[in-house]
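Notes follow once the structure below has been shown.
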Amino acid sequence: ELIKVIVFLVRIFVFCVQVIERNADPETMLLTFIRRKLGLTGTKLGCSEGGCGACTVMMSKFDPHSNRIIHQAINACLAPLCSLHHCAITTVEGIGSVGSKLHPVQERIAKAHGSQCGFCTPGLVMSMYTLLRKRPQPSMQDIEDAFQGIAKARIIYYIIYSYIKYNNSADSVQPLFDPEEFLPLDPTQDIIFPPELMTLSKEPVVSLRFRGERVLWVQPSSLTELLELKAAYPEARLVVGNTEVGIEMKFKNQLYPVILSPTNVQELRNIQFTENGMECGAAVTLAELGEVLREEVEKLPNYRTEIFQAVLEQLRWFAGRQIRNVAAVGGNIMTASPISDLNPVFMAAGCKLTLVSKGKIVFLLQRKFFTGYRKTILRSEEILLSIEIPYTKKGQYFSAFKQSPRREDDIATVTCGMNVVFGEGSNTVQDIKLSYGGMAPVTLLATDTCRQLIGRQWGEDLMEDACSLLAEEMSLSPSAPGGMVAYRRTLTISLFFKFFLTVQRKLAQELFHQDPPTVPPGQSADDVVGRPMMHLSALKQATGEAVYCDDIPHYENELYLALVTSTKAHAHIISIETAEAMAVPGVVAFISAKDIPGSNKTGPVVSDETVFADNKVTCVGHIIGAVVADTQAHAQRAAKAVKISYEELQPVIVSIQVGSHSLFSTRLPPAVIHDLDWILGEIHIGGQEHFYLETNCALAVPRGEDGEMELLVSTQAATKTQVIRLCISWRSHVVCRVKRMGGGFGGKESRSTILSTAVSLEQFTIDRCWDECITISDFSQRRARVELYNKQHRWTKRGLSIIPTKFGISFTATFLNQAGALVHIYTDGSVLITHGGTEMGQGLHTKMIQIASRTLEIPTSKIHISETSTNTVPNTSPTAASASSDLNGMAIYNACQTLLQRLKPYKTSKPKGNWEDWVSAYFDRVNLSANGFYRTPDLGYSFETNSGRPFNYFTYGVTASEVEIDCLTGSHKNLHTSIVMDVGKSLNPALDIGQVEGAFMQGVGLFTLEELRYSPQGYLYTRGPGMYKIPAFGDIPTQLKVSLLRDAPNERAIFSSKAVGEPPLFLAASIFYAIKDAISAARAESGLSGPFRLDSPATPERIRNACQDKFTKLCPPPEAGTYTPWDMRV
């Protein structure tokens, strides 16, 4: 009885009209059916894997258990037709049209300029339409969630949202559209849910079976039947949303002859609450799970729902809304993906799984559940029935994190669930579970780390130990799949640190707003140039009526072509076996190079490529041949069945280095080189995918006479296509037509790769400094006030300047970039440190003690630095180049780490002990003295060849200053200075701000005051404070602001800090150039303009001389060479 095949029909409703499909093939997706069988081409085929949202439709069904109609946005490209029995489907054509009446969603996206190429617009419209059917008054969060599954929807959404904000303002700039013209939402325009479906849904559930060419699909009606089927077909796959199996069958050439769909098995669909938590059936969708959890979070105390909130946070970033609407909780668990978003959460939460075959087993989700890559402990006849997600209790805290290249709808790099339970009324860890995904072929529990944290107090000591333990336990092979090994290992620690601080940072995206240009005054109302005219196809794109290449109605006897491509980079083709491919139903022919009657040569400009590979392939993906069949599915299946034998050759890889002589042989003229600013270095730039949602598509229609051919192609170059696409006809016999494209970006002109331009991280940091300085100095308003002041005052002028600085950190003599340290621990717990740096008021020793205190996890009161001495630390480098904290700090850190390793067994054996207990290791003859050494890595620069890396990193700063000069005397006042300095993560902000202020004021002296004056015989006049003047209190700007740039960690120095000391000195040049700006205003009063010379320092003498006026003309300087000067300026 189980083996017997019963073929059922599929009964669905489209636009409230019943559609019956007999002999439905389980491999037929809804998208194929509505486009090919029903001719509804508004729903587009983009990625075919649920990642772009172009195929979004609304699926509606009646749930008799909740007695309500459920509307869901789904990906039609992944929804098997046979899974939609007794469902209603609404596509973009069904909600409005240009010829009848637009739906308000369609109208708004068109008139608000939200549609560009338009290929994904129908999917965007249907996502919003479905949301409005569920929630007529959605929140902004609801809208964002609805758009998550649409590629590029965020861009469109923010364009619309920013324009709406703009139009709601009182700005006088011409608006881009008038919201008052939009149609109101009219519920009577919505398609009603078919009453017949409500009646059918209340009938008893029956089993459904569908037999296709290769696959048997069975939808059992009871748990008993499901278990019997699983026993009969132990290798059968259970499928709810088809979001995993569907992709495997499409793209990974997997075949599952028997598929069991448990969506009608009520035991797998139940959600019930117990004393311990929520029990969720394995076939419950992620969207349903989220809705139930959200309701519980709203009504229960916060401490009870810590795990529920963590699951909701992960679901927020889990794929797109369309996927969450159909993907099942059990499917996510049983897929056993090592980068699952939810499995680390379930594992850290201690969730219980109920497994069932002939009996029932309750299994705690732990490390042993996952036995290998995408493998679980389940036997072939067992299934997952449900999962119990527990409540939390007082004193229990839970967090989940996901780090991925893109925040939304992206696979994770590392995921984790973190659960800690404290003893009642204390901060002592009673239990802790840290679970990670992305760190092994399976989901991991950091068992060793957790074990050593139990019983510890939750504080800095625990955090430091936990980070060290995780670094050791969460190891990865350098060749680990996925790469980014160092990054991933760092993430495990970073995410724990986030958990430790109970900080959950969410991705913030700014809405960028730019005022649209206005049209010239007096322009005719009929002149649309410069006005916000709507895209001509926007309305048709929003309704799905815009026709793309693949939307063209079928021709009779139309055939489909699928390419056969090389899997080798460089090889001779030995043989091509096509017997298996030709046996696939519907296959008409296999064509290759030998079948081309004309030339096999082609190319967008020069014919230097082949249509089909002829005897040899030169890259992976080289086209070898093509299969022609009656359907796209048959052609693609047959193409995969073609067997090719190769004789592999050595791959030819041309790199920039190998080709540098030929690629860069051109030399610029010396004069040009001399005039250019050069930045020497190396950068590697990768290629960029031409991510147009409409893939390359062409339809060739033979006209039957004289070899005439019509080509309907999605291309940017119709003339080139006219020649390239067919090699057997004259151009006069070939017509190429292009209606529109669903994106191109140059990829549909040729296969040339456009490389992107990289922007350095240095520029990013200096830009941040610049922007912050502009803000805190109120620069724009200050400039306006300066200009007003100068208009009102003749003999005093004010000037304003903003100046950046970039300072390389390292000794240019490479051998000096090293440091040593000696750390002693005494039996009373006190610590003595000696290092190679010297203290000169900059706070070096203070920072070194801070570093030792953090590393050893002891108070600074226990640490002492006596002096710098060469008998304790030899061969010291000078305390110079602003590098001493970096060098000596790392040397101390390394020495302390050595000591910690020696004390580790004692800390482990006495986790509740104190520092004095642990240093009793002395009595076991453990060495409590250690040397530390550090050398800055990867340095080396040659002045002769101008090559190498001279600096470890750069530090940055920006300063804005305002001054006022007395045009008659040349004296000046420093009115205002705002400084933004990049010091990474400051080791000591108080010291660093002081260093910034001190360096700046030293620079003020350098650029405006301090001057060395010699006699012609070389005698230094300016000796001592009587002659040599340094800045005094009055030289400090009246208003001085110093800000340290936030969130700018530096991974190349101790604890992410950066050097400070010399770098801020140059910022005082802002005073110098503000003076020069003020002098320019003074000179303008005298009718002088253009460049002028002002030497540094800008002394009163020089300021006054530069302010040329009628008075200076009366006192011209003596002619040089006619006298012996008193002093010589050096």
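The values are calculated or read from the model by the stated rules, or taken from the named source; none is laboratory data. Bear in mind the structure is a predicted one, so any value in this text is a computation, not a measurement. Ideal geometry is used to build each Cβ from the backbone, glycine not excepted, and the neighbour counts take in all protein chains shown. When the accessible area is computed, the model is the full protein with side chains, heavy atoms only, and any ligands, DNA or RNA have been set aside. Shrake-Rupley method; radii C 1.70, N 1.55, O 1.52, S 1.80 Å.
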Review point. So which lysines can Lys299 reach, going by Cα to Cα under 19 Å and dropping same-chain residues fewer than 8 places off?
Key: Lys393, Lys394
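Apply 1/(1 + (r/R0)^6) to the Cβ-Cβ distance of Arg794 and Leu1114, taking R0 = 25 Å, and write down the FRET efficiency to the nearest 0.05.
FRET efficiency, Arg794 to Leu1114: 0.90.
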Check your understanding: Given the Cα-Cα distance of Ser947 and Ser139 and 0.36 nm per residue of separation, how much length would full extension add, in nm?
Key -> 285.2 nm
Practice item. Over the alpha-carbon set of the stretch 910-1069, work out the extent along each principal axis and list the three values in angstrom, largest first. Key: 78, 44, 33
Check your understanding: Label-point separation (nm) for Ser861 and Glu180, each offset 7 Å from Cα along Cα-to-Cβ?
Key -> 7.3 nm
Check your understanding: What accessible surface, in Å², does a 1.4 Å probe find on Trp918, ignoring ligands, DNA and RNA and rounding to the nearest 10?
Key -> 30 Å²
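Using 0.36 nm times the number of residues separating Asp410 and Asn1105, minus their current alpha carbon distance, what extension gain do you get?
Numbers: separation 695, 0.36 × 695 = 250.20 nm, distance 6.51 nm.
So the chain would gain 243.7 nm between Asp410 and Asn1105.
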Check your understanding: Where in the stretch 963-1007 does the label zone of Lys1041 land, with the point 7 angstrom along Cα→C-beta and an amide N cut-off under 14 Å?
Key -> 976-981
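Compute the FRET efficiency between Lys360 and Asn302 as 1/(1 + (r/R0)^6), taking r as their Cβ-Cβ distance and R0 = 35 Å, and round to the nearest 0.05.
Values: r = 34 Å, r/R0 = 0.96.
For R0 = 35 Å, the calculated efficiency reads 0.55.
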Point to revise | Cα-based reach from Lys1029 at 25 Å (exclusive), listing lysines while leaving out same-chain residues under 8 positions away | key: Lys797, Lys973, Lys1041, Lys1076
**Study point:** GluC sites (Glu not before Pro) within the stretch 418-500, DSSP loop, no more than 13 other Cβ atoms inside 10 Å
**Key:** Glu424
Exercise for review: Among the listed pairs Lys37/Lys111; Lys433/Lys910; Lys44/Lys540; Lys352/Lys907; Lys862/Lys912, give every one whose C-alpha distance is greater than 25 Å.
Suggested key: Lys37/Lys111; Lys352/Lys907
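What ratio of Cα Rg to 2.2 N^0.38 Å holds for the stretch 783-893?
On the way: Rg = 22.4 Å, N = 111, 2.2 N^0.38 = 13.2 Å.
For the stretch 783-893, the normalised Cα radius of gyration is 1.70.
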Practice item. Sort His570, His864 from largest to smallest accessible area, using a 1.4 Å probe on the heavy atoms of the protein chains. Key: His864, His570
Point to revise | Placed amide H near Leu216: partners under 5 Å, 5+ positions off or other chain | key: Val258, Ile259
Study note, to complete from the structure: For Met278 the rounded accessible area (nearest 10 Å², probe 1.4 Å, non-protein molecules ignored) is 0 Å²
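Multiply the residue gap between Thr870 and Thr1124 by 0.36 nm, knock off their C-alpha separation, and tell me the result in nm, one decimal place.
Working: separation 254, 0.36 × 254 = 91.44 nm, distance 5.12 nm.
Length gained between Thr870 and Thr1124: 86.3 nm.
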**Study point:** List Asp828, Asp706, ordered by accessible area with a 1.4 Å probe, largest first
**Key:** Asp706, Asp828
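Sorted by accessible area (1.4 Å probe), largest first, how do Phe1092, Phe815 line up? The partial results should precede the final answer.
Working: Phe1092 30, Phe815 145 Å².
Largest accessible area first, the list is Phe815, Phe1092.
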Practice item. Please list, or write none, the lysines whose alpha carbon is within less than 25 Å of the alpha carbon of Lys616, excluding same-chain residues fewer than 8 places away. Key: Lys568, Lys594, Lys601, Lys640, Lys643
Review point. Trypsin sites (Lys or Arg not before Pro) within the stretch 244-325: which are DSSP loop residues with at most 12 other Cβ atoms inside 10 Å?
Key: Lys252
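What does DSSP give for the stretch 212-312 in terms of the percent of beta bridges that are antiparallel, rounded to the nearest 5?
Numbers: 3 of 8 bridges.
Around 40 percent of the beta bridges assigned by DSSP in the stretch 212-312 are antiparallel ones.
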Check your understanding: Taking a 24 Å limit on the Cα-Cα distance, which of the listed pairs Lys61/Lys375; Lys134/Lys202; Lys230/Lys402 fall beyond it?
Key -> Lys61/Lys375; Lys230/Lys402
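Tell me the trypsin sites (Lys or Arg not before Pro) within the stretch 982-1037 that lie in a loop according to DSSP and have at most 12 other beta-carbon atoms within 10 Å. Could the numbers behind the result be given before it?
Values: sites: Lys985, Arg1013, Arg1023, Lys1029; in loops: Lys985, Arg1023, Lys1029.
Here the sparse-neighbourhood loop sites are Arg1023.
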Review point. For the stretch 1100-1130, list residues with backbone N below 15 Å from a point placed 7 Å from the Cα of Leu1088 toward its Cβ?
Key: 1100-1118
Review point. What's the center-to-center distance, using Cα atoms, between the stretch 99-130 and the stretch 380-456 in Å?
Key: 42 Å
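Mind giving me the FRET efficiency for Arg68 and Arg367? R0 is 41 Å, r the Cβ-Cβ distance, nearest 0.05 is fine.
Values: r = 41 Å, r/R0 = 0.99.
Efficiency computed from Cβ-Cβ geometry: 0.50.
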Check your understanding: To the nearest 10 square angstrom, what accessible area does Ser100 show with a 1.4 Å probe?
Key -> 90 Å²
Revision key, fill the gap. Between the modelled labels at Glu1010 and Lys394 (7 Å from Cα along Cα→Cβ) the distance in nm is 6.4 nm
